[in-house]
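Visitor: Pasting in a structure now, in structure tokens, and then I'll have a few things to ask.
The values are calculated or read from the model by the stated rules, or taken from the named source; none is laboratory data. Keep in mind that this is a model prediction, so the values were computed, not measured. Methodologically, a virtual Cβ is constructed for each residue, glycine included, from the backbone with ideal geometry; neighbour enumeration extends over all protein chains shown. Just the protein is used for accessible areas: all its heavy atoms, side chains included, with ligands, DNA and RNA removed. Shrake-Rupley method; radii C 1.70, N 1.55, O 1.52, S 1.80 Å.
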Amino acid sequence: MTPLEILGDVFGHAAFRPLQGEIVDHVVGGGDAFVLMPTGGGKSVCYQVPALAREGTAIVVSPLVALMKDQVDALLRHGVRAAAYNSSLDGDEARSVLTRLHRGELDLLYVAPERLVSESFVARFDDVQLALIAIDEAHCVSQWGHDFRPEYSQLGQLGKRFPGVPRIALTATADPHTRADILTQLDMEDAVFFVGGFDRPNITYRVQEKRRPNDQLLSFLEKYEGESGIVYCLSRKRTESVAELLLGAGIAADAYHAGLPTAQRRQVQEDFLSDEVRVVCATVAFGMGIDKPNVRFVVHHDMPKSIESYYQETGRAGRDGLPSEALLLHGAQDVALVHRLIDGGDDPKQIRLEQQKLRLMSGYANGATCRHQALVSYFGEEHPGNCGHCDICLDPRETVDATEAAQMVLSCVFRVDQRFGLQHVLDVLMGSMSKKVVERGHDKISTHGIGVGYGREWLGRVAQHLIHAGTLEQDLAQYSVLKLTAAAGPVLRGEESVEVAALSKAPTETRRRSSSRRKSRDAREILAEVDGVEGVDPADVAGSQVALFEELRALRREISQREGIPAYRVFNDRTLRAMCQRLPSRTEDLLDVPGVGEKTADLYGDAFLEVLREHG
Ligand code: ADP
Ligand code: ZN
């Protein structure tokens, strides 16, 4: 049977989803694949179809007994010969599975990772024909991931142990660093990458400041009468108190957490699946492997620990593709509490990592960038923003031109050699004389203290925006140091403006003018320097025009300094380049250059024409 026939005849799907077809072909052809697809994206098909299309038995490594059971049950219903081998089997059952494996009677065998640590167990596969090896929830292999499983680290051996058997690693949750780490750990650097659409356009993401959470929750739920949803809470106690609150309001709710007896937990799951219980108030343990398509909303009553978990948990809404909503109630106290919980850990490296992840999460919550854009850019995917279904895009806040503050942040990142994190950069901008600042000599650099007029909170907000918009990147693998991306150049050169949603107490135009005027002149000088460092991209300006371009730019700098306005308000770089090409000599010609308006021509035209005529 062809893969497409298998998909139809066995699984009852008419067509592959876009990425599935490519992945299946690749693996059936014997290639290794790394599949990054969000929950509900259809990862199982990617290895189950090749498992049937290829000769022999597919080994599937899966971390949770419950997940395995669901998968095996589903496969058996489709008439596929599947079995699981894990600690839930008694001796007889385990022997019977192995017998079937050796007789070639299994298409898929799900195995717990700890089994594969034992060489004597792995040796059983030596005289079995293997169709492929699938590693599900592959992020468990990485210490950077949120679910590290030491047993997974053995899986890197499988490639050498079974050469020629294609391997496919699958995960829903991996930021770019974790992704690279997974490939190294699994020794799969040559695998072909398949990154599926992380955007979930049917989910409307909202963040609210947590004021009176009970009222906020109840008023949110009013919109969803009769619909199913999940409310995630930080503690067991809170799942219970929130469930009580909802019951009191006449909503069929129940609590779910790891402290409940297994039977009770199973009951809650079943009641939720059968719509007996409408809202489950749960800790993060809830939802793994539950395939309920019509979850209409997910509320985070408390702050999630990382963007990965937030994405995964909110992703349980709207699997049927219908409009759904994710609400995050976010409060500074929760963040402090989670920080303390993390601090209670005993592995310093882990503590540091988790704190960085929490900071990113808190940055997201405080952020003013399109939520869809911020989320998918975290996973390394691009998004144009302006999604039309997140709180930022739906209720646009008043925005403030933050170009100058953004330039300060970017220059400072550059000045500290792109080797320090956000807090240090803010310390320097605010003129701190802390030991760390002084020891590194950062009290001597030109950006020291230039941000005082803006205040730390605003600069922090602007920096977060730059991170979410992809102008700065935070290197998670390296203490979250901030680095400039290619997008930083235009902002630094004043070619592009930066708009940031106002804080309720954003610095007003006048307040910041009075206090930061002198300082910001310093910033402009730095910019001139940074500008010099970057130079002109020779691809953009023909060789003979470089000198002219530089002259025009010097003139622009002079005007912008004299008038105290950003350079891009005079003319942007694109306009200057066009001037170099067209060499206008009269005002009418100048007006034909893209980016030149009546007003700017009137104000600055003569000065620019003078320079241009000299080169004409
Ligand atoms: P994941 O493992 O990525 O979370 P699953 O493999 O469980 O996702 O698939 C999610 C849902 O999508 C399942 O209900 C599955 O039946 C459905 N599905 C997967 N592939 C297809 C397809 N090609 N056509 C229709 N439905 C599909
Ligand atoms: Zn948006």
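Visitor: I want the local charge near P113. Using Cβ-Cβ distances under 13 Å, sum +1 for each Lys or Arg and -1 for each Asp or Glu among the other residues.
Guide: Values: positive: R115, R149; negative: E114, D136, E137, D147, E151.
Computed value for this residue: -3.
Visitor: Under 16 Å from a label point 7 Å along Cα→Cβ of L4: give me every residue in region 178-221 with its amide N that close.
Guide: No residue qualifies, since no backbone N sits under 16 Å from the label point.
Visitor: Give the calculated FRET efficiency between N386 and A252 to the nearest 0.05, with a Förster radius of 41 Å applied to their Cβ-Cβ distance. Show your work: numbers first, answer last.
Guide: On the way: r = 38 Å, r/R0 = 0.92.
With a Förster radius of 41 Å, E is 0.60.
Visitor: Viscosity 0.692 mPa s, temperature 37 °C: what is the translational diffusion coefficient of region 37-183 from Stokes-Einstein with a Kirkwood Rh over Cα pairs, rounded to a whole number of µm²/s? Let's see the in-between values first.
Guide: Working: Rh = 15.5 Å.
Taking Rh from Cα pairs, D becomes 212 µm²/s.
Visitor: For A607, project a label point 7 Å along Cα to C-beta. Then give me every residue of region 483-498 with its amide nitrogen under 14 Å of that point.
Guide: none
Visitor: Now a separate question. Which ³J(HN,Hα) values, rounded to whole Hz and listed in residue order, are derived for region 219-226 from phi using the Karplus coefficients 6.51, -1.76 and 1.60 in 6.51 cos²θ - 1.76 cosθ + 1.60 with θ = phi - 60°, glycine and proline given as x?
Guide: Couplings: 6, 5, 5, 4, 5, 10, 4, x Hz.
Visitor: Cα atoms only: what Rg and Dmax, in Å, come out for region 116-219?
Guide: 19.4, 63
Visitor: Starting from the 7 Å offset along Cα-to-Cβ, what nm value, one decimal, do you get for the label separation of I290 and A123?
Guide: Between I290 and A123, the label points sit 4.4 nm apart.
Visitor: Compute the convex hull volume of the Cα atoms of region 399-512, divide it by the residue count, and report the result per residue in Å³ as a whole number. Please report the intermediate quantities before stating the final value.
Guide: On the way: hull volume 11.2 nm³, N = 114.
Taking the convex hull of the Cα positions in region 399-512, it is 99 Å³ per residue.
Visitor: FRET efficiency for A547 and Q208, Cβ-Cβ distance as r, R0 = 41 Å, nearest 0.05?
Guide: Efficiency, rounded to the nearest 0.05: 0.15.
Visitor: Then there's this: If you fit an axis through the alpha-carbon atoms of helix 65-77 and take the longest principal axis of the Cα set of the chain, what angle between them do you get, 0 to 90°, nearest 10?
Guide: The helix 65-77 is inclined about 70 degrees to the chain.
Visitor: For the chain, give me the percentage of DSSP beta bridges that are antiparallel, rounded to the nearest 5 percent.
Guide: On the way: 7 of 56 bridges.
Just about 10 percent of them are antiparallel.
Visitor: For A134, what residues show an amide H to amide H distance below 5 Å, using hydrogens built from the backbone and excluding near sequence neighbours?
Guide: I59, V60, V61, I168
Visitor: Could you look at the chain and say what percent of its accessible area is carbon and sulfur, using a 1.4 Å probe and all protein chains? It would help to have the intermediate numbers written out before the result.
Guide: On the way: 13030 of 27240 Å².
Ligands and nucleic acids excluded, carbon and sulfur give 48 percent.
Visitor: Could you go through region 332-337 in sequence order and give the Karplus-derived ³J(HN,Hα) for each residue, using 6.51 cos²θ - 1.76 cosθ + 1.60 with θ = phi - 60°, rounded to whole Hz, and x for Gly and Pro?
Guide: Each residue of region 332-337 in turn: 4, 5, 4, 4, 4, 5 Hz.
Visitor: Taking the solvent-accessible surface of protein heavy atoms with a 1.4 Å probe, what is the per residue accessible area of the chain in Å²? Each step should come with its number before you reach the end.
Guide: Values: 27240 Å² over 616 residues.
Roughly 44 Å² per residue, with all protein chains present.
Visitor: Sticking with the crude label model, points 7 Å out along Cα→Cβ, report the distance from D215 to D320 in nm, one decimal please.
Guide: Using points 7 Å along Cα→Cβ, the separation is 3.4 nm.
Visitor: Would you mind getting me the FRET efficiency between E93 and E270? Use the beta-carbon distance for r and R0 = 30 Å, nearest 0.05. Please report the intermediate quantities before stating the final value.
Guide: Numbers: r = 24 Å, r/R0 = 0.80.
Approximately 0.80, to the nearest 0.05.
Visitor: Also, quick follow-up: Determine the dipole magnitude for region 203-388: charges of +1 sit on the beta-carbon of Lys and Arg, -1 on that of Asp and Glu, nothing else is charged, the reference point is the Cα centre, and the result goes in debye to the nearest 20.
Guide: Working: 22 positive and 25 negative charges, 96 e Å.
Using only the charged Cβ atoms, the result is roughly 460 debye.
Visitor: 7 Å from Cα along Cα→Cβ at both R419 and S497: what's the point-to-point distance in nm?
Guide: Result for the modelled spin labels: 3.7 nm.
Visitor: For V295, list long-range residues whose amide hydrogen, built 1.01 Å from N in the peptide plane, is under 5 Å from its own amide hydrogen.
Guide: Placed amide hydrogens put G318, R319, D320 under 5 Å from V295.
Visitor: Hey, another quick one. How large is the dipole of the chain about the Cα centre if only Lys and Arg carry +1 and Asp and Glu carry -1, each at its Cβ, rounded to the nearest 20 debye? Could you put the intermediate results ahead of the total?
Guide: Numbers: 70 positive and 88 negative charges, 330 e Å.
Around 1580 debye, computed over the chain.
Visitor: Multiply the residue gap between A554 and Q350 by 0.36 nm, knock off their C-alpha separation, and tell me the result in nm, one decimal place.
Guide: On the way: separation 204, 0.36 × 204 = 73.44 nm, distance 4.97 nm.
Result for the pair: 68.5 nm of gain on full extension.
Visitor: To the nearest 20 debye, what charge dipole does region 399-512 have about its Cα centre, counting +1 at the Cβ of each Lys and Arg and -1 at the Cβ of each Asp and Glu?
Guide: Working: 13 positive and 13 negative charges, 84 e Å.
Charge dipole of region 399-512: 400 debye, to the nearest 20.
Visitor: Related question: Relative to the present Cα-Cα distance, how much length would full extension add between E151 and E105 at 0.36 nm per residue of separation?
Guide: Details: separation 46, 0.36 × 46 = 16.56 nm, distance 2.74 nm.
Extra length from E151 to E105 when fully extended: 13.8 nm.
Visitor: Output the relative contact order of the chain, whole-number percent, from Cα pairs under 8 angstrom with separation of 6+ residues. List each step's numbers first, then the result.
Guide: Details: 1009 pairs, mean separation 58.9, N = 616.
Contact order relative to length: 10 percent.
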